[in-house]
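Take a look at the structure set out below.
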Amino acid sequence: MAQFDFDLSGKIAFVNGASRGIGAAIAHGLAARGAHVICASRKLEGCSAVADAITADGGSAEALACHAGHMDQIEAAIAHVRDTHGRLDILINNAATNPFYGPGADTPEGAFDKTIEVNLKGPFFFCAQAIPLMREGGGGAIVNVASINAVEPGLYQAVYSMTKAALVNMSKALAKENARDNIRVNSLLPGFTDTKMTSVFKADEDHLKSMLEQQVPINRMAQPDEMVGAVLYLVSDEASYTTGAQIVVDGGYLL
Ligand SMILES: NC(=O)c1ccc[n+]([C@@H]2O[C@H](COP(=O)([O-])OP(=O)(O)OC[C@H]3O[C@@H](n4cnc5c(N)ncnc54)[C@H](OP(=O)(O)O)[C@@H]3O)[C@@H](O)[C@H]2O)c1
């Protein structure tokens, strides 16, 4: 009889973009269910603060500096996981960037390249590096953090939205190819969530209020913790028949 307890005891989890926001919340959630969490982002300081907070709460975590768009650092990060832990059970591709906000046709080439590099190339090669290690360990679960913009492009966020749509398709492609090896690949599509990434919207309170009233049936932003339950489901044995799926957590935005 299954336990239905979302237990992750003994699992090794890697979260990129774990220094704050949704990634930090996911790292805390995975650790609370018993996983050892490797918290990664560009800035070691932020990751160390999250790992220390997890440890203070009785969980198990470590911090690692890794630029999610640089191949050498992605390879080194997964090599570190192999050398230190000998296995990888859970990968959360959460890091992303959105350096240009404006008409798509005005996107500078540098911003285009950076968005593709961090939001798409990075997750792809994190998966490519992680999958053989997961396969050796008997399987694993990957969650790619996309966005509602994957379905409905955000105004003035053309390239960001393109990467998120591609990320969902990447999840489906890798889900199909790796299902027989017990590796599941799914996408989380968050809606407006109260993090540094959305601070630009919070600068104009009246605009934010009317935007939420018109576009979000629940009529508020999500808190990062509200993304965690869906991720815990997707990476646990309770989701053993779920792969290539998209879970939308958006307060009704896409309705
Ligand atoms: N907030 C929303 O409304 C919303 C909605 C839909 C989807 N999402 C998605 O949710 C995910 C998390 O976003 P968030 O809102 O929590 O953003 P956030 O608060 O800005 O956090 C972004 C995280 O990514 C890391 N990061 C950024 N660039 C990186 C790079 N090149 N290499 C490694 N790490 C990098 C940051 O750490 P460092 O600065 O230390 O590198 C940070 O930990 C993203 O994939 C985002 O697209 C967010």
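The values are calculated or read from the model by the stated rules, or taken from the named source; none is laboratory data. The structure presented is a predicted model; accordingly, all values stated were derived computationally and were not measured. Note that we place each Cβ from the backbone using ideal geometry, even for glycine, and neighbour counts take in every protein chain shown.
Name, by its number, the condition in (1) under 24 Å from Met71 (Cβ atoms); (2) in contact with a strand residue (DSSP E or B) (Cβ under 7 Å, 6 or more places away or on another chain); (3) part of a helix (DSSP H, G or I); (4) not basic (Lys, Arg) that does not hold for Met227.
Status for Met227: all satisfied but (1).
Looking at (1) surrounded by fewer than 22 Cβ atoms within 10 Å (Cβ to Cβ); (2) without any contact (Cβ under 8 Å) to a residue 60 or more places away in the chain; (3) outside any helix (DSSP H, G or I), which one does Ala68 not meet, given that it meets all the others?
The number of the failed condition is (1).
Would you be able to tell me the number of residues in the stretch 91-112 that are within 16 Å of the ligand (Cβ to nearest atom) and either outside any loop (DSSP other than H, G, I, E, B) or in contact with a Leu (Cβ under 7 Å, 6 or more places away or on another chain) (or both)?
Total satisfying the criteria: 6.
Here is a list of conditions, (1) acidic (Asp, Glu); (2) under 24 Å from Ser199 (Cα atoms); (3) more than 15 Å from the ligand (Cβ to nearest atom), and Glu62 meets all of them except one; can you say which number that is?
Status for Glu62: all satisfied but (2).
Restricting to the stretch 203-246, and then to whatever is over 24 Å from His36 (Cα atoms) and touching a Leu at 6+ places or on another chain (Cβ under 9 Å), can you tell me which residue is farthest from the ligand (Cβ to nearest atom)?
The residue in question is Gly244.
Contact list please: Cβ distance under 7 Å, first residue in the stretch 76-88 and farther than 20 Å from Asp181 by Cβ, second residue surrounded by 16 or more Cβ atoms within 10 Å (Cβ to Cβ) and among the small types (Gly, Ala, Ser), pairs at least six apart or on different chains.
These pairs meet every condition: Ala77/Ala40.
Can you tell me which residue within the stretch 99-141, out of those that are over 20 Å from the mean Cα position of the chain (by Cα) and aromatic (Phe, Trp, Tyr), is surrounded by the most Cβ atoms within 10 Å (Cβ to Cβ)?
By that ranking, first place goes to Phe100.
Could you say whether any residue in the stretch 48-58 is modelled with pLDDT of 95 or more, β-branched (Val, Ile, Thr) and farther than 26 Å from Ala230 by Cα?
No, every residue in the stretch 48-58 fails to be modelled with pLDDT of 95 or more, β-branched (Val, Ile, Thr) and farther than 26 Å from Ala230 by Cα.
Between residues in the stretch 144-157 that are near the ligand (Cβ under 9 Å from one of its atoms) and residues that are assigned to a strand (DSSP E or B) and among the polar types (S, T, N, Q), which pairs lie under 7 Å by C-beta distance while being six or more apart or on different chains?
Note: pairs meeting the criteria are Asn144/Asn93; Asn144/Ser187; Val145/Asn93; Ala146/Ser187.
Any residue that is away from the ligand (no atom under 11 Å from the Cβ), buried (at least 20 other Cβ atoms within 10 Å of the Cβ) and either part of a helix (DSSP H, G or I) or over 16 Å from the mean Cα position of the chain (by Cα) (or both) - is there at least one of those in the stretch 177-193?
Yes, the stretch 177-193 contains at least one residue that is away from the ligand (no atom under 11 Å from the Cβ), buried (at least 20 other Cβ atoms within 10 Å of the Cβ) and either part of a helix (DSSP H, G or I) or over 16 Å from the mean Cα position of the chain (by Cα) (or both).
Could you figure out which of (1) at pLDDT 95 or above; (2) touching an Asp or Glu at 6+ places or on another chain (Cβ under 8 Å); (3) more than 16 Å from the ligand (Cβ to nearest atom) isn't true of Ala2?
Only one criterion in (1) at pLDDT 95 or above; (2) touching an Asp or Glu at 6+ places or on another chain (Cβ under 8 Å); (3) more than 16 Å from the ligand (Cβ to nearest atom) is unmet by Ala2, namely (1).
Ala76 is checked against (1) closer than 16 Å to Gly229 by Cβ; (2) more than 9 Å from the ligand (Cβ to nearest atom) and fails just one. What number does that condition carry?
(1)
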